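Below: one structure, written as C-alpha coordinates.
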Amino acid sequence: MKNWVRQHPYLALAAGYVVFFFIAGAIWWVFNPGDLADAAVHAAMNTLVYWLLALFQIRNLRKTSARLKEHGQLRAYIRYPESRPGSLSGIWNQGIVTPAAGSIQFQPAVYDNLEASGRATTLTVEKVLPQRWKVTGKDRKYIGSFGMYAVTALTDHGKVEIAAGPESLDRLAEALEG
(Lines give C-alpha, C1' and ligand atoms only; values in the text may rest on other atoms or scores of the structure.)
Protein backbone atom coordinates (compact mmCIF):
# COMPACT_ATOMS: atom_id res chain seq x y z
CA MET A 1 0.00 0.00 0.00
CA LYS A 2 2.81 2.43 0.92
CA ASN A 3 4.57 1.83 -2.38
CA TRP A 4 1.36 2.41 -4.32
CA VAL A 5 0.75 5.70 -2.48
CA ARG A 6 4.33 6.81 -3.18
CA GLN A 7 3.95 5.98 -6.86
CA HIS A 8 0.51 7.61 -7.20
CA PRO A 9 0.32 10.45 -4.67
CA TYR A 10 -2.37 12.41 -6.53
CA LEU A 11 -4.60 9.36 -6.97
CA ALA A 12 -4.16 8.51 -3.28
CA LEU A 13 -5.04 12.10 -2.42
CA ALA A 14 -8.22 11.87 -4.53
CA ALA A 15 -9.23 8.57 -2.87
CA GLY A 16 -8.59 10.12 0.54
CA TYR A 17 -10.72 13.10 -0.47
CA VAL A 18 -13.68 10.84 -1.32
CA VAL A 19 -13.41 8.92 1.95
CA PHE A 20 -12.99 12.12 3.96
CA PHE A 21 -15.97 13.66 2.13
CA PHE A 22 -18.28 10.85 3.18
CA ILE A 23 -17.02 10.85 6.77
CA ALA A 24 -17.34 14.64 7.08
CA GLY A 25 -20.81 14.53 5.52
CA ALA A 26 -21.94 11.79 7.89
CA ILE A 27 -20.64 13.65 10.93
CA TRP A 28 -22.30 16.90 9.82
CA TRP A 29 -25.57 15.08 9.18
CA VAL A 30 -25.49 13.36 12.62
CA PHE A 31 -25.07 16.68 14.45
CA ASN A 32 -27.42 18.62 12.17
CA PRO A 33 -30.04 16.09 11.00
CA GLY A 34 -32.70 16.89 8.51
CA ASP A 35 -31.15 18.37 5.38
CA LEU A 36 -28.88 15.96 3.55
CA ALA A 37 -28.01 18.53 0.86
CA ASP A 38 -26.76 20.97 3.52
CA ALA A 39 -24.54 18.25 5.00
CA ALA A 40 -23.16 17.45 1.52
CA VAL A 41 -22.34 21.11 0.82
CA HIS A 42 -20.55 21.55 4.16
CA ALA A 43 -18.64 18.31 3.65
CA ALA A 44 -17.61 19.36 0.14
CA MET A 45 -16.38 22.77 1.28
CA ASN A 46 -14.44 21.41 4.27
CA THR A 47 -12.82 18.58 2.35
CA LEU A 48 -11.97 20.87 -0.56
CA VAL A 49 -9.98 23.15 1.75
CA TYR A 50 -8.06 20.18 3.23
CA TRP A 51 -7.48 18.71 -0.25
CA LEU A 52 -6.05 21.97 -1.60
CA LEU A 53 -3.70 22.33 1.38
CA ALA A 54 -2.42 18.78 0.88
CA LEU A 55 -2.04 19.35 -2.87
CA PHE A 56 0.10 22.46 -2.36
CA GLN A 57 2.24 20.61 0.21
CA ILE A 58 2.91 17.72 -2.19
CA ARG A 59 3.72 20.13 -5.02
CA ASN A 60 6.22 22.07 -2.88
CA LEU A 61 7.94 18.89 -1.68
CA ARG A 62 8.30 17.68 -5.27
CA LYS A 63 9.73 21.04 -6.38
CA THR A 64 12.28 20.96 -3.57
CA SER A 65 13.25 17.36 -4.38
CA ALA A 66 13.68 18.19 -8.06
CA ARG A 67 15.82 21.25 -7.22
CA LEU A 68 18.06 19.20 -4.95
CA LYS A 69 18.39 16.36 -7.47
CA GLU A 70 19.32 18.86 -10.18
CA HIS A 71 22.28 20.05 -8.08
CA GLY A 72 23.32 16.54 -6.99
CA GLN A 73 22.15 17.17 -3.43
CA LEU A 74 19.70 15.41 -1.17
CA ARG A 75 17.62 16.08 1.91
CA ALA A 76 18.94 14.25 4.95
CA TYR A 77 19.05 14.32 8.71
CA ILE A 78 22.31 13.94 10.61
CA ARG A 79 23.24 13.34 14.23
CA TYR A 80 26.37 12.64 16.22
CA PRO A 81 25.66 9.67 18.53
CA GLU A 82 29.00 9.83 20.35
CA SER A 83 28.70 13.47 21.41
CA ARG A 84 27.92 14.41 25.00
CA PRO A 85 24.42 13.64 26.27
CA GLY A 86 22.18 16.66 25.91
CA SER A 87 24.06 18.10 22.95
CA LEU A 88 23.53 16.65 19.49
CA SER A 89 23.63 12.99 20.46
CA GLY A 90 19.88 12.42 20.15
CA ILE A 91 18.78 15.26 17.89
CA TRP A 92 18.45 14.81 14.13
CA ASN A 93 19.50 18.00 12.35
CA GLN A 94 17.75 18.54 9.01
CA GLY A 95 19.78 19.77 6.09
CA ILE A 96 21.11 19.45 2.59
CA VAL A 97 23.84 16.90 1.92
CA THR A 98 26.15 17.35 -1.05
CA PRO A 99 28.02 14.07 -1.53
CA ALA A 100 31.40 13.77 -3.25
CA ALA A 101 34.00 11.03 -3.51
CA GLY A 102 35.02 10.32 0.08
CA SER A 103 33.31 13.30 1.68
CA ILE A 104 29.98 14.97 2.30
CA GLN A 105 29.09 18.58 2.88
CA PHE A 106 26.20 19.12 5.28
CA GLN A 107 24.34 22.43 5.21
CA PRO A 108 21.79 22.76 8.05
CA ALA A 109 18.41 23.88 6.75
CA VAL A 110 14.95 24.66 8.07
CA TYR A 111 11.39 24.47 6.76
CA ASP A 112 10.12 22.27 3.96
CA ASN A 113 11.80 24.38 1.28
CA LEU A 114 15.17 23.74 3.02
CA GLU A 115 16.19 27.33 3.68
CA ALA A 116 19.84 27.32 4.75
CA SER A 117 20.56 28.09 8.39
CA GLY A 118 24.04 28.07 9.78
CA ARG A 119 27.43 27.15 8.43
CA ALA A 120 28.12 24.15 6.19
CA THR A 121 30.29 21.36 7.55
CA THR A 122 32.48 19.13 5.39
CA LEU A 123 32.98 15.61 6.71
CA THR A 124 35.60 13.24 5.32
CA VAL A 125 33.97 9.83 5.22
CA GLU A 126 36.31 6.95 5.95
CA LYS A 127 33.70 4.19 5.84
CA VAL A 128 29.94 3.73 5.62
CA LEU A 129 28.72 0.75 7.60
CA PRO A 130 26.48 -1.51 5.48
CA GLN A 131 23.66 -1.86 8.04
CA ARG A 132 20.55 0.25 7.45
CA TRP A 133 17.76 0.60 9.93
CA LYS A 134 14.35 2.19 9.81
CA VAL A 135 14.04 5.32 11.93
CA THR A 136 10.96 4.75 14.11
CA GLY A 137 9.49 5.56 17.47
CA LYS A 138 11.49 7.79 19.77
CA ASP A 139 14.31 8.03 17.22
CA ARG A 140 11.93 9.73 14.77
CA LYS A 141 11.14 12.53 17.21
CA TYR A 142 12.97 15.26 15.27
CA ILE A 143 12.30 13.93 11.76
CA GLY A 144 9.18 15.27 10.10
CA SER A 145 9.00 12.65 7.34
CA PHE A 146 7.99 9.01 7.46
CA GLY A 147 9.82 6.11 5.82
CA MET A 148 13.32 7.27 6.69
CA TYR A 149 16.24 4.89 7.00
CA ALA A 150 19.60 5.59 8.61
CA VAL A 151 23.19 4.49 8.14
CA THR A 152 26.28 5.03 10.25
CA ALA A 153 29.33 6.68 8.71
CA LEU A 154 32.77 6.77 10.25
CA THR A 155 34.21 10.22 9.59
CA ASP A 156 37.06 12.44 10.64
CA HIS A 157 34.65 13.90 13.26
CA GLY A 158 33.78 10.48 14.68
CA LYS A 159 30.66 8.42 14.21
CA VAL A 160 27.84 10.15 12.32
CA GLU A 161 24.35 8.81 11.63
CA ILE A 162 22.67 9.93 8.42
CA ALA A 163 18.94 9.46 7.88
CA ALA A 164 17.21 9.88 4.53
CA GLY A 165 14.83 8.12 2.19
CA PRO A 166 15.99 4.78 0.73
CA GLU A 167 16.63 6.28 -2.72
CA SER A 168 18.65 9.13 -1.21
CA LEU A 169 20.78 6.71 0.81
CA ASP A 170 21.48 4.73 -2.37
CA ARG A 171 22.57 7.92 -4.15
CA LEU A 172 24.72 8.88 -1.15
CA ALA A 173 26.48 5.50 -1.05
CA GLU A 174 27.04 5.60 -4.81
CA ALA A 175 28.55 9.08 -4.67
CA LEU A 176 30.82 8.26 -1.72
CA GLU A 177 32.19 5.17 -3.49
CA GLY A 178 32.79 7.04 -6.76
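Overview of results
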| quantity | calculated |
| --- | --- |
| Estimated vicinal HN-Hα couplings, Hz - the stretch 19-27 in sequence order (Karplus 6.51, -1.76, 1.60; Gly, Pro = x) | 4, 4, 4, 5, 5, 5, x, 5, 5 |
| Sequence-distant residues sharing a close amide H with Met148 (under 5 Å, placed H) | Val135 |
| Over the stretch 21-127, relative contact order from alpha-carbon pairs under 8 Å, at least 6 apart, % | 16 |
| The chain, accessible area per residue, ligands and nucleic acids excluded (1.4 Å, Å²) | 63 |
| Of every Cα-Cα pair in the stretch 1-68, the percent that sits beyond 16 Å | 56 |
| Flagged links, alpha-carbon separation over 27 Å, of Lys2/Lys69; Lys134/Lys159; Lys63/Lys141; Lys2/Lys63; Lys2/Lys127; Lys69/Lys127 | Lys2/Lys127 |
| Length-normalised contact order for the stretch 72-177 - Cα pairs under 8 Å, 6+ apart - percent | 27 |
| Placed amide H near Lys159: partners under 5 Å, 5+ positions off or other chain | Glu82 |
| GNM result for the chain, Cα springs below 10 Å: residue of Pro99, Pro108, Pro130 fluctuating most strongly | Pro130 |
| Per-residue [θ]222 nm for the chain (sum of -39500 (n - 2.57) over DSSP H runs n ≥ 4, rounded to 500) | -14500 deg cm²/dmol |
| Where Ser65, Ser103 fall by accessible area, highest first, once all protein chains stay in place (1.4 Å) | Ser65, Ser103 |
| 3J(HN,Hα) from dihedral phi, the stretch 35-49, Karplus parametrisation 6.51/-1.76/1.60, rounded to Hz, x for glycine, proline | 9, 5, 5, 4, 5, 5, 5, 4, 5, 5, 5, 5, 5, 5, 5 |
| R0 of 41 Å, Cβ-Cβ distance Ala120-Ile23: FRET efficiency to nearest 0.05 | 0.35 |
| Average Cα contact separation per residue, the stretch 137-178, under 8 Å, 6 or more apart, as relative contact order % | 29 |
| His71 accessible area, 1.4 Å probe, all protein chains in place, Å² to nearest 10 | 110 |
| Test item: Cα-centred dipole of the chain, Lys/Arg +1 and Asp/Glu -1 on Cβ, debye | 220 |
| Kirkwood-type radius of the chain, with distances r between different C-alpha atoms, in Å | 18.7 |
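The values are calculated or read from the model by the stated rules, or taken from the named source; none is laboratory data. Predicted, not measured: the structure shown is a model, and the values here were computed from it. Don't worry about glycine lacking a Cβ; one is built from the backbone with ideal geometry, like all the others, and counts go over all protein chains shown. Keep in mind that these areas ignore ligands, DNA and RNA; they rest on the heavy atoms of the full protein, side chains included. Shrake-Rupley method; radii C 1.70, N 1.55, O 1.52, S 1.80 Å.
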